[in-house]
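Chemist: Mind looking over this structure? Questions follow.
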Amino acid sequence: MAYETERDLLLTVFEGVALAIQHIGSTAVEGLSAKPIIDIAINIQTLPIDDDILNQLARCGYKERVNRLGPEQAVYVKGTEEMETHILHIIPVGNPDWHNKIRFRDHLRNHPASRTLYEQIKQELSRQYITDRGSYTKGKEPFIRQVLSINPG
């Protein structure tokens, strides 16, 4: 329900610009424990985003995370630094990360053993990197790359 509400809001903000919008991340996978953060990916034609959309995102409570994932996509967050509620990945057409995010989500949805293993990895990384989100995220990358390599897009 939280994703659908935010999706509808973002579809209004990105009206005529969004080619697709997807719920990604752990909250998009039933049965996978997750922080209460909704990850959303929006596919658009090109970056940068025009000022009207940027102003609307700001009015909706989104702030840019500069250099979060490099110049090939834009990342915005909603909530406070201590408690983000939404992470918005704006990905232009042609960036392979769009398909990778969806393929990884779908793999976890369709393969319970992978979902269980990923959950164990996340829990261990959470204990290891309690206050270091960057290292937590980086620690998940080998598993994600492995899943994507066995499920080529």
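The values are calculated or read from the model by the stated rules, or taken from the named source; none is laboratory data. Only a predicted model underlies this, so the values are computations on that prediction, with no experimental measurement involved. Heads up, the Cβs are rebuilt from the backbone with ideal geometry, glycines too, and the neighbour counts pull from every protein chain shown.
Chemist: Q146 fails exactly one of the following numbered conditions: (1) under 30 Å from Q45 (Cβ atoms); (2) more than 16 Å from the chain's Cα centre (by Cα). What is the number of that condition?
Modeler: Q146 satisfies all of (1) under 30 Å from Q45 (Cβ atoms); (2) more than 16 Å from the chain's Cα centre (by Cα) except (1).
Chemist: Here's something else I'd like to know. Across region 8-22, what is the total count of residues that are under 16 Å from the mean Cα position of the chain (by Cα) and buried (at least 17 other Cβ atoms within 10 Å of the Cβ)?
Modeler: Selection size over region 8-22: 4.
Chemist: Which numbered condition trips up I38, out of (1) under 15 Å from A74 (Cα atoms); (2) under 17 Å from the mean Cα position of the chain (by Cα)?
Modeler: So the condition that I38 fails would be (1).
Chemist: From the list R109, R105, exactly one residue is touching a residue at least 60 places away in the same chain (Cβ under 8 Å), within 25 Å of G134 (Cβ to Cβ) and among the charged types (D, E, K, R). Which is it?
Modeler: Residue meeting the stated conditions: R105.
Chemist: Moving on to the next point. Let me confirm something: among Y129, Y118, which residue is touching a residue at least 60 places away in the same chain (Cβ under 8 Å) and in contact with a helix residue (DSSP H, G or I) (Cβ under 8 Å, 6 or more places away or on another chain)?
Modeler: Answer to the check: Y118.
Conditions tested, residue by residue: (1) in contact with a Gly (Cβ under 6 Å, 6 or more places away or on another chain); (2) among the small types (G, A, S); (3) at pLDDT 95 or above.
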{"site": "D51", "(1), (2), (3)": "no, no, no"}
{"site": "R68", "(1), (2), (3)": "no, no, no"}
{"site": "G79", "(1), (2), (3)": "no, yes, no"}
{"site": "I87", "(1), (2), (3)": "no, no, no"}
{"site": "V93", "(1), (2), (3)": "no, no, no"}
{"site": "I102", "(1), (2), (3)": "no, no, yes"}
{"site": "L108", "(1), (2), (3)": "no, no, yes"}
{"site": "K122", "(1), (2), (3)": "no, no, no"}
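Chemist: Of everything in region 23-43, what is assigned to a strand (DSSP E or B) and either surrounded by 19 or more Cβ atoms within 10 Å (Cβ to Cβ) or among the hydroxyl-bearing types (S, T, Y) (or both)? Give them in sequence order.
Modeler: I24, I38, D39, I40, A41, I42, N43
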